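Following: one structure in structure tokens, then a few remarks.
The values are calculated or read from the model by the stated rules, or taken from the named source; none is laboratory data. Predicted model, so just to flag it, every value in this text is computed and none were measured. Every residue, glycine among them, receives a Cβ derived from its backbone with ideal geometry; neighbour counts consider all protein chains shown. Side chains are part of the model used for accessible areas, which takes the heavy atoms of the whole protein and leaves out ligands, DNA and RNA. Shrake-Rupley method; radii C 1.70, N 1.55, O 1.52, S 1.80 Å.
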Amino acid sequence: MIMSTPAKNNNGTGLEDVNIPGQAYLREALTSCTDPLKAIESFQLENGVLLPSLRPMLPLLDLHGVRRLDFHTSLMEELRDKLIAHINEMGQKESRERDKKLKELLVKSFPVVRVKSLRPVVMAILRNTQHIDDKYLKILVRDRELYADTDTEVKRQIWRDNQSLFGDEVSPLLSQYIREKEHILFDHTNLNNLFFHPTPKVRRQGEVVQKLANMIGTSVKLYDMVLQFLRTLFLRTRNVHYCTLRAELLMALHDLEVQEIISIDPCHKFTWCLDACIREKNVDIKRSRELQGFLDNIKRGQEQVLGDLSMTLCDPYAINFLATSAIKILHHLINNEGMPRDNQILILLLRMLALGLSAWVMIDSQDFKEPKLDCQVVTKFLPALMSLMVDDQCRSLHAKLPPDERESALTTIEHSGPAPDAVEAYIQESSVASILAMYYTLHTARLKDRVGVLRVLAILSACKDDRAYEDPFLHSLIALLIPMSEEFATEDFCTTLFDEFIFAGLTRENVTSRHMLKLLWYVHNKLPAGRLATLMKAMQPTTAHNEHIHKLYEILQERIGTGAAETPIIEAPPMEFDSPLKSVPTPGPHYNVQ
């Protein structure tokens, strides 16, 4: 922590330490003389600009009303800027002579660091000095004002040996990052800038990621500290946005070509390859082999790398890509009469999904073993899911036939009944099966296939570990259901969506409530009056809900009461000042989480 500013030493600003008369000298001169005006004049003559050719010009400046203070300040600023430019130019050169000169300059100039007008010179010397002596760093840390004026390049040298101070700097950025992600997920006015829309390149250009990358610079120690913060916070909160930040930070350093870090992070090549797949929305044979190679070639003694890889794969953007790609492959297999177990890319995607979904358990247990993919998910669940998909395709094709051909078409097979028992059974036991069923629901909603949506929604509440009530999925589902607003006038649609799915997740308090209120914001005028009254009663906030939900509920009530179509903007919840990094353990070897 930064201590409060210590009392000034007897030399005041430190000018006397560099043989320049300062406050103490002037005070002594004025209090020990009989003629203060003469003492001031003498001080000016001795300490003014010692150029004989300049002295005759000073009366001319007086005639023009230019104060001596303004003249000297202007001159000092000009000289200071030229000196700083020269120091920065010197700092670009790599030589022992440079280091020696900078060290000498630092010794001579540091005593005046508390003189604000001269401080930029001292800071420029420090910024260009690769290895700063601890005695200078300790003074900067102890003085709050000096620390605030210190450049990031210098602070990095302070932070390397002061984890708590680095944590104080990083903590507000991590809190800001989480707030930004949650704002996108929960913003009820947002129907266009959806969570999964930005590309990886755009996401890592965000303010927080760029600031963290700048704070880390090329320091492996600071990078390890940030990773330790992220692991610990993920373990403590289960918030998957910390996994996203872990991947985005690594790729931001990749973009900046910080070889000192990316060359030693064992996850770099894997994350880089996965990032390229997400960007291109495709996994080809070459990339699938690369990804599989990373997973297959983890050597004995390096199993802890799986913890970091699992965090990378637990990132919601990675989960979204893996699940969406798997559904695409299943459609391809249906169209080409292929079997899931014969498609190696599909098996790899499921393997990575299983690893990502086990991230928290793996890091918590410190048991770094890749979870074995249940073979029955491939041999029994996927065929059952594919039969559901075939039903939906057949029903869609049947609906496109002319009326007379529909009646004569073969309709002995029921394409609108409940989902196969195997689908419901496996989503209760397998997180991978749950994710695939959830993403197939999104697929049917994107096609506005009401029957397809209802068939899967009816069983989603049974997903293992309440996967179907996680924010990214609910955010995407609600965004796809809003354009289907006409369906909300029908009883069967409301019964399945609200009674069988949404209400089953209301125990998650703030989470499901926010998404539900967003849905009602747009479809309330399509709902039967009785159903709307029931929903509003069920959604009424309690003391367990945060202030933002109470506000949104009140405005929604007004909107329903007035029939308003205008959408007022809700301010984001107030900033949380509690640091998420309290009691984070000191980084040691990978995953040495307390």
Could you run through the stretch 111-139 and say how many residues are under 28 Å from L75 (Cα atoms), part of a helix (DSSP H, G or I) and in contact with an Asp or Glu (Cβ under 9 Å, 6 or more places away or on another chain)?
-> 8
Among (1) open to solvent by less than 20 Å² (accessible area, probe 1.4 Å); (2) over 30 Å from Y223 (Cβ atoms); (3) at pLDDT below 85, where does Y591 come up short?
-> (2)
Pick from E89, E97, E169: which is modelled with pLDDT of 85 or more and not hydrophobic (A, V, I, L, M, F, W, C)?
-> E169
Any helices (runs of 4 or more DSSP H) falling wholly within the stretch 155-226 and containing at least 2 residues that are crowded, with 17+ Cβ neighbours inside 10 Å and touching a Leu at 6+ places or on another chain (Cβ under 8 Å) | 163-186, 207-216
Restricting to the stretch 54-83, what's the tally of residues that are open to solvent by 80 Å² or more (accessible area, probe 1.4 Å) and in a loop (DSSP other than H, G, I, E, B)?
-> 2
Among the residues of the stretch 330-344, count how many are open to solvent by 30 Å² or more (accessible area, probe 1.4 Å) and either charged (D, E, K, R) or under 22 Å from E290 (Cα atoms) (or both).
-> 5
Tell me which residues, restricted to the stretch 492-515, are touching a residue at least 40 places away in the same chain (Cβ under 8 Å) and either more than 32 Å from the chain's Cα centre (by Cα) or open to solvent by 10 Å² or more (accessible area, probe 1.4 Å) (or both).
-> F493, T496, E500, A504, R508, V511, R514
Only residues that are in a loop (DSSP other than H, G, I, E, B) and open to solvent by 100 Å² or more (accessible area, probe 1.4 Å): list them for the stretch 84-97, please.
-> Q92, K93, E94
What about A148, is it small (G, A, S), out of contact with any Asp or Glu (no Cβ under 8 Å at 6 or more places or on another chain), buried (at least 17 other Cβ atoms within 10 Å of the Cβ) and not assigned by the TED database to the domain that holds R514?
-> no
Helices (runs of 4 or more DSSP H) enclosed by the stretch 453-540 - at least 1 residues per element that are among the aliphatic types (A, V, I, L, M) | 471-481, 510-523, 529-538
Give the residues of the stretch 288-319 that are part of a loop (DSSP other than H, G, I, E, B), polar (S, T, N, Q) and crowded, with 16+ Cβ neighbours inside 10 Å, sorted by residue number.
-> Q304
Test K108 against the criterion of being in a helix (DSSP H, G or I), surrounded by fewer than 20 Cβ atoms within 10 Å (Cβ to Cβ) and at pLDDT below 85, and give yes or no.
-> yes
Return the total of residues in the stretch 306-327 being over 18 Å from A276 (Cα atoms) and out of contact with any Cys (no Cβ under 7 Å at 6 or more places or on another chain).
-> 3
Among residues belonging to the stretch 379-424 that are open to solvent by 90 Å² or more (accessible area, probe 1.4 Å) and modelled with pLDDT of 85 or more, point out the one that is nearest to the chain's Cα centre (by Cα).
-> K380
Could you run through the stretch 258-287 and say how many residues are part of a helix (DSSP H, G or I) and either of a type outside the set (G, A, S) or open to solvent by 10 Å² or more (accessible area, probe 1.4 Å) (or both)?
-> 19
